[in-house]
1. What residue, of Phe11, Phe47, is over 13 Å from Leu86 (Cβ atoms) and either basic (Lys, Arg) or modelled with pLDDT of 95 or more (or both)?
2. Can you tell me which residue in segment 76-93 is nearest to Phe11 (Cα to Cα), limited to those that are surrounded by 15 or more Cβ atoms within 10 Å (Cβ to Cβ) and among the aliphatic types (A, V, I, L, M)?
3. Could you list, ordered by first residue, the pairs with Cβ atoms under 9 Å in which the first is in segment 1-21 and touching a residue at least 40 places away in the same chain (Cβ under 8 Å) and the second is of a type in the set (Lys, Arg) and surrounded by 12 or more Cβ atoms within 10 Å (Cβ to Cβ), at least 6 apart or interchain?
4. Would you point out the residue of segment 34-57, among those that are of a type in the set (D, E, K, R) and in contact (Cβ under 8 Å) with a residue 24 or more places away in the chain, that is nearest to Leu19 (Cα to Cα)?
5. So which of Lys48, Lys7, Lys13 is more than 14 Å from His79 (Cβ to Cβ), surrounded by fewer than 19 Cβ atoms within 10 Å (Cβ to Cβ) and in contact with a helix residue (DSSP H, G or I) (Cβ under 6 Å, 6 or more places away or on another chain)?
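The values are calculated or read from the model by the stated rules, or taken from the named source; none is laboratory data. Everything numeric in this text was worked out from a predicted model, so none of it was measured. Neighbour counts are summed over all protein chains in view; Cβ atoms, including those assigned to glycine, are modelled from backbone coordinates with ideal geometry.
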Amino acid sequence: MNQLSTKQKSFYKEIARILWEEWDPIGVNDGDNQWNDEYDSYVPHTFKLALDNADASKIAKHLSTAIIQNMGLSSNPNHDLRVAQLITETKIKMLGS
């Protein structure tokens, strides 16, 4: 992460926030908890996909696969797509297209 620009570092942190506040597939964020690192392991690949201009459906597929393969849970593809759209929109706002 050292070679990232300040804007890219901010976007990386924003992805971590989005995964914690919006994605939260195991429901550990009940609104009263402060952010923790529960989903941090999913940030690097999600960040890379976004930087590589992956569309929301590709990011959503990554998130859904993480839920199924890593957490052993059923995914909610519509929810994952909404989160992925938020990530792609945030990337455009923070870094441009």
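1. Numbers: Phe11 fails: over 13 Å from Leu86 (Cβ atoms).
The match here is Phe47.
2. Ile87
3. What qualifies is Phe11/Lys91; Glu14/Lys91; Ile15/Lys91.
4. Asp40
5. Lys7
One line per residue, one yes/no per condition, for (1) under 13 Å from the mean Cα position of the chain (by Cα); (2) loosely packed, with under 14 Cβ neighbours inside 10 Å; (3) among the hydrophobic types (A, V, I, L, M, F, W, C):
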{"position": "Asp24", "(1), (2), (3)": "yes, no, no"}
{"position": "Gly27", "(1), (2), (3)": "no, yes, no"}
{"position": "Tyr39", "(1), (2), (3)": "yes, no, no"}
{"position": "Val43", "(1), (2), (3)": "yes, no, yes"}
{"position": "Ala56", "(1), (2), (3)": "yes, no, yes"}
{"position": "Lys61", "(1), (2), (3)": "yes, no, no"}
{"position": "Ser74", "(1), (2), (3)": "no, yes, no"}
